[in-house]
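What follows is one structure encoded as structure tokens, with my remarks underneath.
The values are calculated or read from the model by the stated rules, or taken from the named source; none is laboratory data. Every value quoted in this text rests on a predicted model; they were computed, and no experiment measured them. Reconstructed Cβ throughout: ideal geometry from the backbone, glycine too, with neighbour counts over all protein chains shown. Quick note on the areas: whole protein, heavy atoms, side chains included, nothing else; ligands and nucleic acids left out. Shrake-Rupley method; radii C 1.70, N 1.55, O 1.52, S 1.80 Å.
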Amino acid sequence: MKKFEYIEAEDLEDLLSILWDFKNEARVIAGGTDLLSIFKDQYLLSYPKLVVNAKPVKELDYVYIEGGILKIGALTRLSTLLSHPLVIEKFPIIKEAIMTIATPQIRNVGTVGGNLCQDIRCWYYRYPARLGGPLICLRKGGKTCLAIRGDNRYHALIGKRCYAVCPSDLAIVLCCLNAEIIVVKKKNQRKLDVQSLYTPLGLSLQPDEIVKEIQVPCNYGFRQRFIKFTIRRPIDFAVLSLAGQLKFEKKDLSKWIITFGGISYRPEVVVVTKYFQKNEKTVEKLLEEIVRSVLVKAKPLTKNAYKIPLLKGLSRKLIHSLM
Amino acid sequence: MGKKPKEINLFVNGKRYSFSVGENKNQVSPNHTLAYTIREVIGLKGTKISCESGACGACTVIMDGIPVLSCMLLTVECNGKSILTIEGLEKDGKLDPVQEAFIKHSAFQCGFCTPGIIMSSKALLTQNPSPSDEDIRQALSGHFCRCVSHYQVIDAVKEASGKAVTKKRLLREKTDSKLSIIGKETHRTDAKKIVTGKVEYLNDLRFDNLLFGKILRSSYAHALIKKIDVSEVEKMDGVKAILTWENVPDLRGGTPRFKRALDQKVRFVGDAVAVVAAESEELAEEAISKIRVDYEVIDPVIKPESALKKGAPSLYLEFPENVLPSHTNFFGPKSLKELIFGDPEKGLNEADCIIEDEFSYNGIPNPLPAESPAVIALWEDPNRLTLWTSTQAPYFDKLVLSRIFGKEINIRVISPTCGGSFGSKLMSWQLQVFAALLSKKTGHPVKVSLTKDEHLATFTLRPGVKLKGKIGMKKDGTVTAVSGDLIIDTGYYSFTTQAQLAVGLGEVQIMLRCENWNLRPKIVVTNRNASGIVRGFGGQEIKCVLIPLLCRAMERLNIDPFEFFKKNFVKPGDGYYWRDGKWYSYRGVNYSKAMEKGATIFGWRNKWKGWLKPTKINGSKRRGVGVAVHGNADVGEDVSEAFVSLHPEGRATIFSCITEHGTGQVSNIVKMVAEVLGLKIEDINLSPADSLVTPFEFGPVGSRGTYAIGSATIAAAENAKQKLLRKASKLFGVDPAKLDTKDGFVYIKANPLKKIPWHKIIGWEKTLSGYGRFEADHTLTNCMMSFVEVEVDIDTGETQIIEIVNATDVGMVIDPMGLEGQLNGCLGSAGIDTAIFEETVLDKGTGVILNPNMIDYKWRTFAELPEIKHVVLETPFPTHKFHAIGVGEIATSPGPAATFMAICNAIGTWLKEYPVTPDKILEAVKEK
């Protein structure tokens, strides 16, 4: 790693002031498991002058319920959520998702905010300097997304010039749970839905903004389930992931909320309301509707068309497991 | 605003360490990782660094009670933390129960990953004293182990938690051996050092005034260097030497010997452009980033098909058509470079079925040992070169380097314990040349070590192979002809690809009795990282494409593949052309019995439902089975020499240039010598693997450790023993044949109470030395049959391996736990998983390797382990003192083809290429 200056934020206000002053020259380190890879591989064209340690900001490490909303501080570690009674009792889907993320050692230091804000996994974008890189792709000022003409097996079905997918499993689950994200900067705070945190070319955060809190409404469904398809378990990032919850509005009137990861730069959401009976015919009909709806804008690249039958196969499993 | 820490306090293993923050030596800089501080500043070297990117678990330590990755934490962030490392587990000279259990179950092979695994195990047991198997797998799911210690580790953790361990994986038939050490469950001689983190690998050696070499790598797959500007670097303080193609001697390696160590032309993305030596790694990295290079870019040829096209750009002037000669001098004037004999035309006419098809094994997977390749060189004027290198065969390296540097350079190669190799590290000559030349220029020792991404993108891959071939087969499973073109993609140069081809062609005949052959190989160079030596050496690759072709013929004729392989595998009295082009008559055991037992344990006859038929269907899930076989007549390859000296106090020392690299062979030769001399294991010493102090040793490769190295060492021990008994016979007044020795006494066999201690025979101020030598013998082959059951989900294209049964006959087991570890290794080192997910992903347009990290390069985790069993028979081989033969190398080899077959059967259609990833299955199912 190249050299950088290092300071520790004493509290949230301090952290925000530092970011306000340094803007693009500073990077916040929380768990650090993604940030240190960025430093080590130097795949970006810039290198920060200053690293600000957010770990001492204890006021962002909490999990509690207030007014029917589960509130999670951004610096809460993934492993804390994994064993938290509120999560286990009310949001098993969060636990299910975290169990698939990285490895136990990474979950012991990785934070919720870090998971949401981690950099994309595109292998062109991340190609290290040490090996003759970095590669100049669209995100780094290049003309095109290198995946379009390259090996795009893990890339998006729905792209907006860049074909990287949202790397966060937690984002897929939180989006399904209709969570909101509180983002703060010095003297300002705003609320985003999960989808809005992501744009086709990166996070929607300003350089001096950070994620402060996740708010998850407790009006969760009758059943919730997360499915992550990977080449092997754990460690892998999702090839495709699905989070679903089933609610009953009235007797037999079912509401299916399903979010998809691995098909675009953000979680994609489908909501279907249907009178539902437990038989194969209605499952197939529901499946058709969900798949059609999420793939309406899909344009597969040269090597990722398999994600379409895969998405169908996984959606069928998800519907069955929610029934 | 903010706080800049001035002092960092760490409490490591109960001891407080204080550092000031700064850039000087012995200070902590903000960019230091905790792993660096623990290893380089505090000096606790048991914590290992492997991937350095948070994906392998090697650097795991326990911080405030939880396991964390020390390579992914900045030291400055850890102020005030309590850290427990592997060195802190031992209390008052007593090992932790976890460490004891790891020793008991031999829960390691090369041992490089072991300290990290032990730390996670310790943390688990502290938190959950009675974990289930699933808890253990999950807790260890962030640990990479390429040798595959997984199963024995789980046993050890269970043992440490006080649960009963019921081992059922190694299935031996009861033997009534009279031997006291051979075949018994003994601990590895280095076991305690491994579990306490005290084994020294290359990066654990410490040198004064050591410089660090770093390599500037090419951004292009094919380009001419027009200009290199190093002026910025020359100005840098602490930079001691720069190598470019312009200032290095014309040193060449490879087969043929045409590849320059540094060339004006670069031939793959990541090729070496310049090498810098500096006082620190950081400085060396900074230096290479300041070198400016002008390239003239040339069109690359990435795929072998494009390299072979008429008018394609040539990689080398010497080989304008991008095809290398198939011959290797190393195997003599007639080295096997094609299989053309008999009358293939006639054979095809006699066949009941002829199949023509194409298959490819082009995933170019990386064997990927945990410890990345590394070397330290010291050049002392005028011509003395000493290398400390991570290798499995130091004398082999000396041989290779002597040819490159010329015999006027006096070369000595020393290898500390090697953190895995699987053949690959035999290909380290370029790194060794860089380190040597940098040392020559600077007068300092210089280290050149690869990072894990360099390891993945620039170091040994398996060769890519494609077969377009024709098979003629009769209804009774007789193969009447094999004909076809083999395209072997070796990447940007060949180190030993010709040798791999020669051995592979020999191995094909061991698997397949056939009188008519016309197999024509072509070795093609392409603009990608080079292929080279990997466990399975040529045979695995060729089998992977030939077996599917045979399968199609078997399907047509409705032949059971198990019966087919059993019928066609070499039997005593059969023969084969081996790598030197000579015909050998096989004089080993008949492996049919082991194969039959394997089939019974696997339940082959119940599971086999016919070709392209699943064994079982459950919703979208289809089970399928497959089987394949491999055998290698290199178990007795090449020359080994050893000395054994007897010490008057009743101990012995073996002088042999053999490195422990995970196979346990070092312990095994100790066991063999102990058995011969009637000594305890702990009374045998072993010389360091140092070419200066030992005689010639080709090295523990190709499963030759047991037969070749073992026989040389046994001969040396027997030679010394004979001298001892002859001397003793004078004291006893009895014929030496009537004497034997045990526990440091010579006794009369008929009256064991009449005994004389060695010191009275040898004398206190003397030693007795014996010499042993082994000459190549290719008349024996080992054998491994692998049965595999898979489950394929046709909705998602996912394949899971459910069960593996390996069947072999080893003549005599030397070390049961070590043998099991080697056979479990079929799941590692680019083995079975190359059929389903292991591959190096190459951008076919630019030649960039896209997955040079341990997340995108897939390997098997603790969380996903199939059932595994090994049937091991012990039918004595007459040629070895203990009737044993080696088998470890081939554990990986039949599995991929068996898995490929199992998947085809599960989904009911033929596939064409490896690895069978979900996209390929979904495509095949759709087409069907």
Legend entry - Cα centroid separation - segment B:547-598 against segment B:438-475, whole Å: 30 Å
Legend entry - Residues losing 20 Å² or more accessible surface upon assembly, segment B:200-232, compared with the chain by itself, 1.4 Å: B:Arg217, B:Ser219
Legend entry - 222 nm mean residue ellipticity, helices alone, for the protein assembly as shown (DSSP H n ≥ 4; -39,500 (n - 2.57); rounded to 500): -7500 deg cm²/dmol
Inset, instruction - Sticking with the crude label model, points 7 Å out along Cα→Cβ, report the distance from B:Ser314 to B:Lys754 in nm, one decimal please. - result: 7.9 nm
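In whole percent, how big is the carbon plus sulfur part of the accessible area of chain A, probe 1.4 Å, protein atoms only?
Carbon plus sulfur share of accessible area: 51 percent.
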Inset, instruction - Find out how many positive minus negative residues lie around B:Ile487, taking Lys and Arg as positive, Asp and Glu as negative, among other residues whose Cβ is under 9 Å from that of B:Ile487. - result: 0
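Would you please give the FRET efficiency between A:His320 and A:Val296, computed as 1/(1 + (r/R0)^6) with r the Cβ-Cβ distance and R0 = 30 Å, to the nearest 0.05?
Computed FRET efficiency for A:His320 and A:Val296 comes out at 0.80.
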Inset, instruction - Distance check, please: which entries in A:Lys274/A:Lys303; B:Lys522/B:Lys928; A:Lys247/B:Lys621; B:Lys94/B:Lys193; B:Lys309/B:Lys926; A:Lys2/B:Lys440 exceed 23 angstrom between their Cα atoms? - result: A:Lys274/A:Lys303; B:Lys522/B:Lys928; A:Lys247/B:Lys621; B:Lys309/B:Lys926; A:Lys2/B:Lys440
Inset, instruction - Pop out a list of residues from segment B:436-484 that are at least 10 Å² less accessible with all the protein chains around than in their chain alone; 1.4 Å probe, no ligands or nucleic acids counted. - result: B:Thr451, B:Asp453, B:Glu454, B:Ala457
Inset, instruction - Please work out the C-alpha center-to-center distance from segment B:888-928 to segment B:271-291 and express it in whole Å. - result: 43 Å
Inset, instruction - Return the Rg/Rh value of the protein assembly as shown, two decimal places, where both radii are evaluated on C-alpha atoms and Rh is the Kirkwood radius. - result: 0.97
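Please give me, ordered by residue number, the chymotrypsin sites (Phe, Trp or Tyr not before Pro) of segment B:382-445 that lie in loop per DSSP and have at most 10 other Cβ atoms within 10 Å.
In loop regions of segment B:382-445 (DSSP not H, G, I, E or B), there are no sparsely surrounded chymotrypsin sites (Phe, Trp or Tyr not before Pro).
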Legend entry - Solvent exposure of the protein assembly as shown as accessible area per residue, Å², 1.4 Å probe: 35 Å²
Legend entry - Set A:Lys3/A:Lys40; B:Lys566/B:Lys597; B:Lys337/B:Lys571 screened for pairs whose C-alpha atoms are more than 21 Å apart: B:Lys337/B:Lys571
Inset, instruction - Would you work out the charge dipole size for chain B about its Cα centre, treating the Cβ of every Lys and Arg as +1 and the Cβ of every Asp and Glu as -1, and quote it to the nearest 20 debye? - result: 1880 debye
Legend entry - Net charge dipole size for segment B:1-103 [Lys, Arg +1 and Asp, Glu -1 on Cβ; Debye, nearest 20]: 320 debye
Inset, instruction - Give, ordered by residue number, each residue of segment A:105-128 whose 1.4 Å probe accessible area is reduced by a minimum of 30 Å² on adding the remaining protein chains to the chain alone. - result: A:Gln105, A:Ile106, A:Asn108, A:Val109, A:Arg121, A:Trp123, A:Tyr124, A:Tyr127
Inset, instruction - Return the long-range amide H neighbours of A:Lys303 (sequence gap of 5 or more, or a different chain), with a cut-off of under 5 Å between placed amide H atoms. - result: A:Asn152
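For the B and A pair, go ahead and give the buried accessible area with a 1.4 Å probe, both sides summed, in Å² to 100. Show your work: numbers first, answer last.
Numbers: alone 33690 and 15460 Å², together 43600 Å².
Summing both chains' loss of accessible area gives about 5500 Å².
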Legend entry - Magnitude of the charge dipole, segment B:350-403, Cβ model with Lys/Arg +1 and Asp/Glu -1, debye to 20: 700 debye
Legend entry - Unit charges at the beta carbon, dipole of segment A:86-203: most positive-side option, A:Cys145, A:Met99, A:Leu86: A:Cys145
Legend entry - Nearest-10 value in Å² for the accessible area of A:Asp193, using the 1.4 Å probe: 70 Å²
Inset, instruction - Holding the Cα-Cα limit at 31 Å, pick out from B:Lys582/B:Lys680; A:Lys297/B:Lys310; B:Lys122/B:Lys920; B:Lys671/B:Lys749 the pairs that are longer than that. - result: B:Lys582/B:Lys680; A:Lys297/B:Lys310; B:Lys122/B:Lys920
Inset, instruction - Measure off, as a whole percent, the carbon and sulfur share of the 1.4 Å-probe accessible area of chain B, all protein chains present. - result: 48 percent
Legend entry - Label-reachable residues, segment B:441-481, where backbone N falls under 19 Å from a point 7 Å from B:Arg556's Cα toward its Cβ: B:467-481
Inset, instruction - Starting from the Cα of A:Arg149, move 7 Å in the Cα-to-Cβ direction to define the label point; list residues of segment B:842-857 whose amide nitrogen is under 15 Å from there. - result: B:843-848
Inset, instruction - Positive end of the charge dipole of the protein assembly as shown (Lys, Arg +1 and Asp, Glu -1 on Cβ, about the Cα centre): tell me which of B:Ser132, B:Gln99, B:His187 has its Cα farthest that way. - result: B:Ser132
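Can you tell me the FRET efficiency between B:Glu246 and B:Val323 if r is taken as the Cβ-Cβ distance and R0 is 25 Å, rounded to the nearest 0.05? Each step should come with its number before you reach the end.
On the way: r = 30 Å, r/R0 = 1.19.
Once the sixth-power term is evaluated, E becomes 0.25.
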Inset, instruction - Quote the FRET efficiency, to the nearest 0.05, computed for A:Thr282 versus B:Leu205 with a Förster distance R0 of 51 Å and r equal to the Cβ-Cβ distance. - result: 0.15
Inset, instruction - First select every other residue whose beta carbon is under 15 angstrom from the beta carbon of B:Leu251; then total the charges, Lys and Arg +1, Asp and Glu -1. - result: +3
Inset, instruction - Read phi for every residue in segment B:672-687 and hand back ³J(HN,Hα) as whole Hz from Karplus 6.51 cos²θ - 1.76 cosθ + 1.60, θ = phi - 60°, with x for Gly and Pro. - result: 4, 5, 4, 5, 4, 8, x, 10, 7, 4, 6, 8, 9, 9, 10, 5
Legend entry - Proximal charge balance of B:Asp352 [Cβ under 10 Å; K/R count +1, D/E count -1]: +1
Inset, instruction - Go through segment B:708-783 and name the chymotrypsin sites (Phe, Trp or Tyr not before Pro) that are in a DSSP coil and have 13 or fewer other Cβ atoms within 10 Å of their Cβ. - result: B:Trp764
Legend entry - At most 12 other Cβ within 10 Å, DSSP loop - GluC sites (Glu not before Pro), segment B:715-804: B:Glu765, B:Glu775
